[in-house]
Amino acid sequence: MLTKRIIPCLDVKEGRVVKGVNFLGLRDAGDPVALAAAYDAQGADELVFLDITASHEARGLLFDLAARVAEQVFIPFTVGGGIASVDDFRRILATGADKVSVNSAALKNPDLIRAASERFGSQCVVVAIDPKRTGDTKSGWEVHVHGGRTKTGVDALEWAERVYQLGAGEILLTSMDADGTKAGYDLPMTRAVADLVPIPVIASGGAGTPAHLADALTKGGASAVLLSSILHYGEFTVAQIKEHLSTQGLPIRRASIG
Amino acid sequence: MPAPTIAIIDYGVGNLRSVQKAFAAEGHEAIVTRDAGAIRESERVVLPGVGAFGAAIDTLRASGLESVTLDAAHSGRPFLGICVGMQLLFSEGEEMGRHRGLDLVPGRVLRFDEANLGPAARGVKVPQIGWNALRFTENGRQSGLFAGLENANDGAMVYFVHSYFCAPDSTDTVAATTDFIAPYCSAVARGTIYGVQFHPEKSGTVGLRILDNFARMPVPSPVPPSVLTPA
């Protein structure tokens, strides 16, 4: 049975992880390779590296980071943040990364989704959508950019349907209302997108407890959950979270040594 | 005598570096190559692939590497198809029209949909993306590909990304099955030809073990040069 995916998200800046967890025995909590390996050992199903500088100068460092992770970590990983061209896709995938996440560049130039999926396959194109409830668009959820600060006038459900049509393989859906609250995911929004598109939805934003994750995966209809602060502040480990979800009867991959 | 290397056939599709890096992590040298001579001389051969069946087989044919690929598979040297590389081993694929495959394993490649799987497929998100379990067949256990994983039960989980699945004509070639909508063939073994639908290079310790097993498969003894040289 296909299992639900638990995906830690690591914010990176200039090739280093910021807001990383201080794993016991880890000498350098900013080293993306060490952190990736630690999450892998805990049973993470995939990893996401998000470049929060998104400056052009930091590009080279991001590619270098992806290449180093791919040398030592053998679970799928996604790289995102400031990706703007098919050539960015090519360079990231050439490092050994599996997927590329695009956000504002896709809004500016939706054809990037089509071009990238035609060239590299839908499976590597993740479109990140950051909606906020404003009531100013048809569904009430409006796509935002710049970490929720800038309105776009684009309706989140219409955009989700469009990115699927253009060839997106997955949608990374972050509620800008729930993000950082630790009060739980925006379940109605997650459900609405998951029911609308036939591609997997990764729920993000608002997780404070393992019970929130279970809700996103059941009531929200999500195929996967993205975890950041719930892990970064060391409150829960991936293994504890998986244990909880498993006891709730959710199909979960238990980390095992071959 | 063949060089002790693994040739990963580079016919212009897919992320080949991660397969190479995974072999390297297990201490095996693999080269990514489109050179027919290098493929012919390698000890074992990997056929990777992503994307659509039709595009992949067309690209393989256009690259001029189809015959060396078939020769390698028929040579008795260990041969491994990964993901769409496994699908290409089959006789025919239906993705975006009907396409003739390499016909090394009799059978067809079908979509996870209602037409092929009935009402159970309704409302199920396709592609299958994520970790799912392998159930080994007797053929799979005997193949050696899964050595060390036989007792893993639900622990033998591997990473899949695919919308189409292989349907062999004979269950004799099935090496493992996986449940998605219905049980399907997720690995094949026919003589020294192996195919895996999942990505062993992205399947953690289980996947690395499978690649290591492949890299340690016995290789036929080299043919004495006197036989090859006409008298």
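Just so it is clear, none of the values below were taken in a lab; they were calculated from the coordinates. What you see is a predicted model; the values in this text were computed from it and never measured. Because the Cβ atoms are built from the backbone with ideal geometry, glycine has one as well, and the counts that use them run over all protein chains shown.
The mean count of C-beta atoms from other chains within 10 Å of the C-beta of residues in B:205-211, rounded to a whole number, is 3. Look at the stretch B:15-26: the mean tally of other chain Cβ atoms within 10 Å of its residues' Cβ atoms is 4. If the chain linking A:Asp87 and A:Ile52 were pulled fully straight, counting 0.36 nm for each residue of separation and taking away their Cα-Cα distance, it would gain 10.6 nm.
Where both bridge residues fall in the protein assembly as shown, DSSP classifies roughly 45% of the beta bridges as antiparallel. Using a cutoff of 8 angstrom between alpha carbon atoms and counting only pairs six or more residues apart, the relative contact order for chain A works out to 18 percent.
Once the gyration tensor of the Cα atoms in chain A is diagonalised, the equivalent ellipsoid follows with semi-axes of 25, 23, 17 Å, ordered largest first.
In this label model, B:Val124 and B:Ala38 are separated by 4.0 nm, measuring between points 7 Å along each Cα→Cβ vector. Note on region A:88-111 and region A:222-253: Cα centroid distance 27 Å, given to the nearest whole angstrom. Counted over region B:6-215, the DSSP beta bridges are approximately 60% antiparallel. Would you mind classifying region A:136-258 by shape? Square roots of the alpha carbon gyration tensor eigenvalues, ordered a ≥ b ≥ c; an a/c under 1.5 is rounded, otherwise it is prolate if a/b is larger than b/c and oblate if not. Taking the square roots of the gyration eigenvalues as a ≥ b ≥ c, region A:136-258 is prolate.
Sorting A:237-250, A:73-86 by average packing, meaning the other beta carbons within 10 Å per residue, from highest down gives A:73-86, A:237-250. For region A:49-100, the Kirkwood estimate of the hydrodynamic radius, built from every pair of different alpha carbons, is 10.8 Å. From largest to smallest, the equivalent ellipsoid semi-axes obtained for the protein assembly as shown from the alpha-carbon gyration tensor read 38, 23, 22 Å. Under 5 Å from the amide H of A:Glu14 lie the amide H atoms of A:Thr53, each residue being 5 or more positions distant or on a separate chain, with H modelled from the backbone and absent for Pro and chain starts. Judged by the ratio a/c of the largest to the smallest principal axis of the C-alpha gyration tensor, region B:6-215 counts as oblate, that ratio being 1.5 or greater while a/b is no larger than b/c. Backbone amide hydrogens, once placed in the peptide plane, bring B:Trp131 within less than 5 Å of A:Thr3, B:Phe160, excluding anything fewer than 5 places away on its chain.
Within straight-line reach of A:Lys4, meaning a Cα separation under 26 Å, sit the following lysines at least 8 residues removed in sequence or on another chain: A:Lys19, A:Lys99, A:Lys132, A:Lys182, A:Lys219, A:Lys242, B:Lys125, B:Lys202. Assign one of three labels to region A:135-207, namely rounded, prolate or oblate, based on the Cα gyration tensor with a ≥ b ≥ c the square roots of its eigenvalues; rounded applies when a/c is under 1.5, prolate when it is not and a/b is larger than b/c, and oblate otherwise. Oblate, because a/c is 1.5 or more while a/b does not exceed b/c.
Can you pull the mean other chain C-beta count within 10 Å for peptide B:51-59?
1
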